[in-house]
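**Student:** Submitted below is the structure of interest, expressed as C-alpha cells.
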Amino acid sequence: MGNRVAPPAFVARLRAAFPDFVDLRYNTAVHRWEYVSLSSANKPVSQFWGWFLNPMTGAKIEPDPVTGLLPFRELDATAQEEMFTNLERSFLGNRFDGAGSHRAQQAANRKFNNDLIAKRRKERAETIVGVLHEMHTGRPWVSDHPHAKDPRRQRKHAHA
C-alpha cells in the first residue's frame, strides 16, 4: 500500500461544508482513513473510517475487540458519499436538524436534563403521596405520636 492521499476535490467539499474540518488523511499507524475535526473545546479529534455494514448482507459490523477499529475501507466514490452523509447528519451546525453550535447543543442538553430531573422529582413526590395515602390506618396521627401537639387539645390563654 503506497502513500495514500485523500482526493483533493473531496477534501475541498468537506472544508466548504464543515467549519470544524481540519484534515482527511491516511493514518499509517492504524492503516485507516482518519477524519480530523475540532471538538467543542477547539481541540482536534479523530474519527477512523471503515466498513460499518457488511456490503454483502447489510448486517452491522462490530469493531475489532482488541483495537476497537472497523475493517479497512478504501475511500472510493461510494465511501466518500457515505462519509459526507454521515458527517452532515451528525454535524451540530447542519441546516436540517442540527443545533447550530456547540453552545446551542449544550443549552438544549441542559434543558433536557433539567426537565428530566423535574419530571422524575414530580413522579417521586406522587409516589410518596400514593404510599402515604395507602398507609392511612384510620387512627389520628397524634394517637401514634404521644409527644406531638394534639390539635384537638386547645390551650386556654389567660387574659391579663
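**Student:** Taking R0 as 22 Å, what's the FRET efficiency between R103 and A17 from their Cβ-Cβ distance, rounded to 0.05? All intermediate terms of the calculation are to be shown ahead of the outcome.
**Tutor:** Numbers: r = 20 Å, r/R0 = 0.92.
So the FRET efficiency works out to roughly 0.60.
**Student:** If you don't mind, there's one more thing I want to ask. With labels modelled as points extended 7 Å from the Cα through the Cβ direction, what inter-label distance (nm, one decimal) is found for E74 paired with N42?
**Tutor:** Here the answer is 4.1 nm between the modelled labels.
**Student:** Sort 54-65, 71-82 for me by packing, meaning the mean count of neighbouring Cβ atoms within 10 Å per residue, highest on top. Write down the numbers at each step before the final one.
**Tutor:** Values: 54-65: 9.0, 71-82: 13.5.
The densest-packed peptide leads the list: 71-82, 54-65.
**Student:** For region 8-97, report the convex hull volume of the alpha-carbon atoms normalised per residue, in Å³, without decimals.
**Tutor:** With only Cα atoms used, region 8-97 gives 124 Å³ per residue.
**Student:** Determine, for H31, H133, the number of other Cβ atoms within 10 Å of each Cβ, and report the residues in order from fewest to most.
**Tutor:** Taking fewest neighbouring Cβ atoms as first place, the list is H133, H31.
**Student:** Hey, another quick one. Give me S46, S37 ranked fewest to most by other Cβ atoms within 10 Å of their Cβ, as a rough exposure proxy.
**Tutor:** Exposure proxy ranking, most exposed first: S46, S37.
Any read-out appearing in this document is the output of simple, stated calculations on the displayed coordinates, not a laboratory observation. Owing to the predicted nature of the structure, the values given are computational and were not obtained by experimental measurement. Note: ideal-geometry Cβ built from the backbone for every residue, glycine included; neighbour counts use all protein chains shown.
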